[in-house]
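Report on the structure given below.
The values are calculated or read from the model by the stated rules, or taken from the named source; none is laboratory data. In this text, all values refer to a predicted model and were calculated from it rather than measured experimentally. Cβ atoms come from the backbone with ideal geometry, glycine included; neighbour counts cover every protein chain shown.
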Amino acid sequence: MTGTSEATALSTAEAGAGAPGAPDHGRALLEVEDLHARYGPVPVLDGLDFHIGQGEVVVVLGANGAGKTTIMRAICGMVTTRGSVRLGGVQLVGRRPERIARLGVAHVPQGRGTFPELTVQENLEAGAYLRRDRRVVQGDMDRWCDMFAVLGQRRAQRAGELSGGEQQMLAVARALMSRPRLLLLDEPSLGLAPLIIRGLFEQLDRLNEEDGTTMLIVEQNASLALAIADRGYVIEAGRLVLSGSADELSGNDSVRKAYLGY
């Protein structure tokens, strides 16, 4: 796709980036084929093929160092990649991260990723920097501050003064301010107390149910992640070795022993 046809496709994709729409699990939103990624000369991903349907929650499981975070970075254009990554039919490989964000991909990185010197309010405003519908932006801000109630109570407080769980909620809410078509969550439970983790995953489940937001979640807490997921993949040493529905993976002996602890 080149020239005018490419510009038309990008314009159409960006126009729809703010509205996930009704779930349609039969229609692929993200299609990944023969994906390779590396850091300098070191290869990490070795020919991955997977897809995510519109409105699906998909989980990637794997040991530390297996390549889970690199999948997220490859989708966002943050590492050297080859192969194909299509979002709504538009090729992402070769595009800069900011352009991929404009196409509707929001990334919540491992380790929160808030702006610690900015207030909660300012962080949320930063999440909507691509949008021009300021009245609707304000409504979204009120909505996420209602969903994550502590954020509403601390709008004027600097993000760096929040607890770890509160910062994670802020990171998710800031990503949602862009109204993403695809929400990438990298280890959202990392370092959080069990009660906070359960509350966060309940809100993610609610978000998917109410808005049909498509999500790709990388998570060590496999039982909680699979509880809200439609499907999942298992990655080992940069290769996808297993896939199935959330129920199938939960019932798989090797997955249970490796990731569910029983």
Complete set of residues in segment 222-259 that are crowded, with 17+ Cβ neighbours inside 10 Å and of a type in the set (A, V, I, L, M, F, W, C): Ala222, Leu224, Ala225, Leu226, Ile228, Ala229, Val234, Ile235, Leu240, Ala246, Leu249, Val255
Residues of segment 175-198 satisfying the condition of being surrounded by fewer than 21 Cβ atoms within 10 Å (Cβ to Cβ) and touching a Phe, Trp or Tyr at 6+ places or on another chain (Cβ under 9 Å): none
Within segment 64-92, work out how many residues are touching a strand residue (DSSP E or B) at 6+ places or on another chain (Cβ under 7 Å) and at negative phi. 19
Over segment 223-240, the set of residues of a type in the set (A, V, I, L, M, F, W, C) and either over 10 Å from Leu61 (Cα atoms) or outside the structural domain of Asp46 (by TED's automatic domain parsing) (or both) is Leu224, Ala227, Ile228, Ala229, Ala237
Criterion first (farther than 27 Å from Gly53 by Cβ and free of Cβ contacts under 8 Å to residues at least 60 places away in the same chain) does Asp140 satisfy it? no
When you check Ala229 against the structure, is it within 30 Å of Arg38 (Cα to Cα), of a type in the set (Gly, Ala, Ser) and under 16 Å from the mean Cα position of the chain (by Cα), yes or no? yes
Return yes or no: is Gln168 part of a helix (DSSP H, G or I), under 15 Å from Gly199 (Cβ atoms) and modelled with pLDDT under 95? yes
Report, by residue number, each residue of segment 182-212 that is outside any loop (DSSP other than H, G, I, E, B) and closer than 25 Å to Asp34 by Cα. Leu182, Leu183, Leu184, Leu185, Asp186
For the structure I just gave you, tell me whether Glu31 is at pLDDT 95 or above, closer than 18 Å to Arg239 by Cα and not aliphatic (A, V, I, L, M). yes
Here are some conditions: (1) part of a helix (DSSP H, G or I); (2) touching a strand residue (DSSP E or B) at 6+ places or on another chain (Cβ under 8 Å). Cys145 meets all but one. Which one does it not meet? (2)
Please name all residue pairs, on different chains or six or more residues apart, with Cβ atoms under 6 Å, provided the first residue is in segment 210-227 and is touching a residue at least 40 places away in the same chain (Cβ under 8 Å) and the second residue is among the small types (Gly, Ala, Ser). Gly212/Ala22; Gly212/Gly55; Thr214/Gly55; Ile217/Ala225; Glu219/Ala225; Leu226/Ala246; Leu226/Ser250
Going through segment 130-143 in order, the residues found to be surrounded by 15 or more Cβ atoms within 10 Å (Cβ to Cβ) and hydrophobic (A, V, I, L, M, F, W, C) are Leu130, Val137, Met141
